[in-house]
1. Once you order the gyration tensor axes a ≥ b ≥ c over the Cα atoms, which shape class does region A:83-190 get: rounded for a/c under 1.5, otherwise prolate or oblate by comparing a/b with b/c?
2. Enter the angle in degrees (range 0 to 90, nearest 10) between the Cα long axis of helix B:42-51 and the first principal axis of the Cα atoms of chain B, meaning the one along which they spread out most.
3. Please arrange A:57, A:84 by counting, for each residue, the other beta carbons lying within 10 Å of its beta carbon, fewest first.
4. Could you check the simple spin-label distance between residue A:22 and residue B:154, using points 7 Å along Cα→Cβ, in nm with one decimal?
5. What are the semi-axes of the equivalent ellipsoid for chain B, taken as the square roots of 5 times the Cα gyration tensor eigenvalues, largest first, in whole Å?
6. Expected output is a single nm value to one decimal: the length gained when fully extending between residue A:39 and residue A:67, i.e. 0.36 nm times separation in residues minus the C-alpha distance. What is it?
7. According to the Kirkwood expression over distinct Cα-Cα pairs, how big is the hydrodynamic radius of region A:86-131, in Å?
8. Treating the angle as unsigned and between 0 and 90°, give the value, to the nearest 10°, between the Cα long axis of helix A:378-396 and the longest Cα principal axis of chain A.
């Protein structure tokens, strides 16, 4: 089956995805070099590491993996004069349902990722780096390994890079099908050859006590690619893309009930949800109406299409005004999606029209989290399975009238009670689906007229 | 259990990727062992543990945790169909059934992740897996290491013919 190639939409601003689906583009280093590849690395090697960190801070870049944490601040946690070895890990475990952006960088533009990584390693003084790639990307792992060999042959990786005295080795490390390895401390445990049980923070912030208990920077694939472009244009210039506190471009992945699902690189906050779905993605299928949107990967709270959302909008004079907006008016950036009670997360937008059964959809998500809970914390290990059992019995006709309440109780007792954010990730879908589509759940629950309590 | 020289050399090379701790090589070694033998036997677990100066339990606990590792052989060709939301909306449950029908795999009731399902002659095995990160081209699947997107049920017989 041929790969599905698409031409960029006119509203896109392709920076990280410049070479994706580009005619004649290949993954080998000659192609990359002919296009000006590794020039930013050369530029960066002429800068002081702290200058690079400052450029990244000035860019306002926020992590693209899901949490949206400022990248420069994360790097700034490495103490000056650190005596322990420092490691950098590229998180290429892309596994949040609804997200499919890193796949294309890895498979079509591996050298862009490597260049961003090498610059980042130089900036934080990491001499050993790993790309933790999900096990289900066997071809991607091979492409990256080939790219590393090519970069080594050209002196971009290895000893005394560019005559600066900076040494760096990068290795590819394959996961083996566990979602929890996308959580950075779980990833670190996995890379240490253990079960990926996340570590508790504090004290195990990776920048202080990470891989082998040494300072470690874990960045997403897209974030590391952004670093290359920040060096190219300068942090201040980069920060002009997008909106204040929501800078740069973002790879949005749209799936589900739209005419043209796919990946789109857009300025952060450069458009609204309605523009994304109707203008970019060709709208819904004929005769359908919008029912719900999950805006940032399956763990983001679902948004109901006919809800009104209260947000505060900043005016040019600095004052804020209360506004009530519909789902289509929500601006696609970190702050606005947080303001309406969900999150931008990993950029995975899942669209559902009126043909979809919300109980069925939640059950599908619950099955995912029940399968992927690592089992370390009791509320999550037990609760994720209970939530899955309850939505399954609702669908199978064996529900109880108070099941919607039970679902909420179980979810409420997971969120905030676990070592890692998986607790929230598995509770938020249940909390939001039941709250926003109560009638749909109640209709299933009341079919038998049975009550449990 | 016989480890051919080429594999032994590869394993030794991979261990050098982890200068700080050999234990880190556990997952890569398990991948290599599974690629060669088709699954990870008790003997292989003991061998990998000894190679990395660990106890067998340190390796067994990985094999039982990580979904991609298996302790019994799969079919000659292994099919993974994505089960998660966008693919399910795109028809992956029905796609799995179609694969089963054409691969002559009997599908019992019960959980999706319970066991690998195999055709009687051992040519095919199939399992539902969680999100394969290609939600925009749903439904998607993998056959061995090959990835297929936008898979229609009509294309299944042709697809299987490529994997005799």
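All of the numbers you see were taken from the coordinates with simple rules; none came from a lab. Owing to the predicted nature of the structure, the values given are computational and were not obtained by experimental measurement. Reconstructed Cβ throughout: ideal geometry from the backbone, glycine too, with neighbour counts over all protein chains shown.
1. Numbers: a/c = 2.29, a/b = 1.46, b/c = 1.57.
Verdict is oblate for region A:83-190.
2. Helix B:42-51 and the main axis of chain B meet at about 40 degrees.
3. Values: A:57 18, A:84 15.
By the 10 Å Cβ count, ascending, the order reads A:84, A:57.
4. Computed distance between label sites residue A:22 and residue B:154 equals 3.6 nm.
5. Numbers: eigenvalues 213, 55, 44 Å².
Equivalent ellipsoid semi-axes, largest first: 33, 17, 15 Å.
6. On the way: separation 28, 0.36 × 28 = 10.08 nm, distance 3.02 nm.
Gain on stretching residue A:39 to residue A:67: 7.1 nm.
7. On the way: mean 1/r = 0.0874 Å⁻¹.
So the Kirkwood estimate lands at 11.4 Å.
8. So the helix axis and the longest Cα principal axis differ by about 50 degrees.
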